[in-house]
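What follows is a set of notes on a single structure, which appears directly below.
The values are calculated or read from the model by the stated rules, or taken from the named source; none is laboratory data. As the structure is a prediction and not an experimental result, all values here were calculated from the model. FYI the Cβ positions are ideal-geometry reconstructions off the backbone, even for glycines, and counts take in every protein chain you see.
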Amino acid sequence: MDRLSDAGLLFCRGIAPHASYLFKHALVQDAAYSTLLRGRRQELHARVAAALQEHFADLVERQPELLAQHLTAAGDAERAVDQWLIAGQHAAERSAHREAIRHFERGLATSAALLKGRLGTEGRSSCNWPAASRFSRPKVSSPMRRAKPMCERIS
């Protein structure tokens with residue numbers, strides 16, 4: 001962090017441990033992020049998710065998509081799906097329908113990745129249809145209705 005800051009690529013606001021950092025440009029952030037090994041990135045996202053839950057519960061309550069993003073990147077798909085669902089429901093309650101659809105779609109994609117991983121490693125699924133059926137928007141619920149017979153067959 002110090003080297004990035006000294007090079008003018010990262011700006012620090014505040015004093016540690018309460019400092020916040022901002023990259024000079026999104027491409028610099030992407031380049032720095034891509035240098036981390038996948039396991040290390042997942043570990044960092046898991047730590048951020050834990051810190052959010054432990055120290056910033058009010059923020060997570062207002063913006064569950066923030067926790068969902070970190071849980072997804074940490075590889076904690078089961079917990080991430082729940083947070084994407086909550087985020088979609090919050091957005092729908094605010095009539096932010098496009099945002100709600102994006103959150104529900106991220107939840108579906110995360111569910112699909114989880115299911116694919118379970119099928120690949122266990123040879124079977126533990127598809128949770130009752131949880132998945134809570135997606136209520138037509139654009140989301142239609143694919144979920146089509147997926148139900150598959151879930152029932154492989155459960």
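Restricting attention to segment 78-115, the residues that are of a type in the set (S, T, N, Q) and more than 10 Å from the chain's Cα centre (by Cα) total 3. Residue by residue through segment 1-28, note down the ones that are exposed (fewer than 10 other Cβ atoms within 10 Å of the Cβ) and farther than 21 Å from Gln69 by Cα. Asp2, Arg3, Asp6, Gly8, Arg13, Gly14, Ile15, Ala16, Pro17, His18, listed by residue number.
Quick grid of which residues meet (1) hydrophobic (A, V, I, L, M, F, W, C); (2) modelled with pLDDT of 90 or more; (3) in contact with a His (Cβ under 9 Å, 6 or more places away or on another chain):
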{"residue": "Asp6", "(1), (2), (3)": "no, no, no"}
{"residue": "Gly14", "(1), (2), (3)": "no, no, no"}
{"residue": "Ala74", "(1), (2), (3)": "yes, yes, yes"}
{"residue": "Ala77", "(1), (2), (3)": "yes, yes, no"}
{"residue": "Leu85", "(1), (2), (3)": "yes, yes, yes"}
{"residue": "Gly88", "(1), (2), (3)": "no, yes, yes"}
{"residue": "Ala91", "(1), (2), (3)": "yes, yes, yes"}
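Quick check: anything in segment 78-100 in contact with an Asp or Glu (Cβ under 9 Å, 6 or more places away or on another chain) and of a type in the set (Phe, Trp, Tyr)? Yes, some residue in segment 78-100 is in contact with an Asp or Glu (Cβ under 9 Å, 6 or more places away or on another chain) and of a type in the set (Phe, Trp, Tyr). Looking across segment 29-71, the residues that are over 29 Å from Arg3 (Cβ atoms) and either of a type in the set (Gly, Ala, Ser) or surrounded by 14 or more Cβ atoms within 10 Å (Cβ to Cβ) (or both) come down to Gln53, Ala57, Val60, Gln63, Pro64, Glu65, Leu67, Ala68, Leu71.
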